[in-house]
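The values are calculated or read from the model by the stated rules, or taken from the named source; none is laboratory data. Not measured: the values here are computed from a predicted model. Quick reminder, even Gly has a Cβ in these numbers, built from the backbone with ideal geometry, and neighbours come from all protein chains shown. Keep in mind that these areas ignore ligands, DNA and RNA; they rest on the heavy atoms of the full protein, side chains included. Shrake-Rupley method; radii C 1.70, N 1.55, O 1.52, S 1.80 Å.
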Amino acid sequence: METNPAMSEASTHTTGLLAGLDVFVGGPIQHAILKNGFVGQLQDAITTAIQTVTENGANVFSAHVVEKFGADTASFTPEQVSVRDFRWMKKCDVFVPVLPVQEDQILRRTDGTHVELGWATALGRPIVLITKQPFVESASHLLKGLHRVGSVQHIDFDEFTEKPSLLIDAVLTATERQREAINASLVA
């Protein structure tokens, strides 16, 4: 996927099923940069997620695009990344983290994405989590139980790579739940 400077903050689309929605797509960066480059299967999945929501009209926030899948990560300070990603989380309508499982069936380490999952939950942002289902044993209790304290939907990683449109349905469902909650709070 070519990096589009407009996607550094958000790309603006006015048509499509997700038109007007801000979608923050996250996942491992630091622990996905290997000596021979970024983990290919993960880059493909994140690129597919970004393309799928963009093609359906969403505005996308993506550190992967801004940091060129690790090529420019060293150009950013921890302070810049923290402020930028927190700003995106406060602005987004839905958070879509991609959490891959390695060949040894261990969840790939991604400290930043787990912090973002906490932010999303605390800020009341719906989450559409793309990861192997059922959860691998190495996934933490907090990750496995997150749906008990936040609005979390799961898409199996392999099913997503076979049928990316599953993400559109999940984002629509997630944001409709958010709208219903807002409407209910206005009535109360």
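Points to keep in mind about this one:
- For the chain: relative contact order, % (alpha-carbon pairs under 8 angstrom, 6 or more apart): 23 percent
- Computed helical MRE - 222 nm, the chain, DSSP H runs ≥ 4 contributing -39500 (n - 2.57), nearest 500: -13000 deg cm²/dmol
- Dipole axis of the chain (+1 Lys, Arg; -1 Asp, Glu on Cβ), positive-most option in Asn56, Thr73, His147: His147
- Solvent accessible area, Å² - His154, 1.4 Å probe, full protein context: 70 Å²
- DSSP H segments from the chain that extend 18 Å or more along their own axis, Cα-based, with Kyte-Doolittle mean of -1.0 or above: 40-55, 165-187
- Beta bridges assigned by DSSP with both partners in the stretch 46-188 are antiparallel in approximately 10 percent of cases.
- The stretch 113-160 - percent of accessible surface contributed by carbon and sulfur, probe 1.4 Å: 56 percent
- The spacing between the stretch 90-145 and the stretch 148-178, judged by their C-alpha centroids, is 12 Å.
- Structure-derived Cα extents along the principal axes in Å: which label, when the choices are (i) 55, 38, 35; (ii) 47, 35, 30; (iii) 94, 47, 30: (i)
- Rounded to the nearest 20 debye, the dipole size of the stretch 39-186 about its Cα centre is 560 debye, using +1 on the Cβ of Lys and Arg and -1 on the Cβ of Asp and Glu.
- Cβ-based charge dipole, the chain, positive-most Cα from Val136, Ala174, Gln105: Ala174
- Computed over protein heavy atoms with a 1.4 Å probe, the accessible surface of the chain works out to 52 Å² per residue.
- Amide H partners (placed H, <5 Å) of His154, local residues excluded: Leu129
- For a straight C-alpha distance cut-off of 20 angstrom, the lysines reachable from Lys163 (same-chain residues fewer than eight places away being disregarded) are Lys132.
- Relative contact order (percent, whole number), the stretch 16-106, Cα cutoff 8 Å, 6+ residue spacing: 47 percent
- The amide H of Val101, built 1.01 Å from its N in the peptide plane, has Arg108, Lys132 as neighbours under 5 Å, considering only residues 5 or more places off or on other chains.
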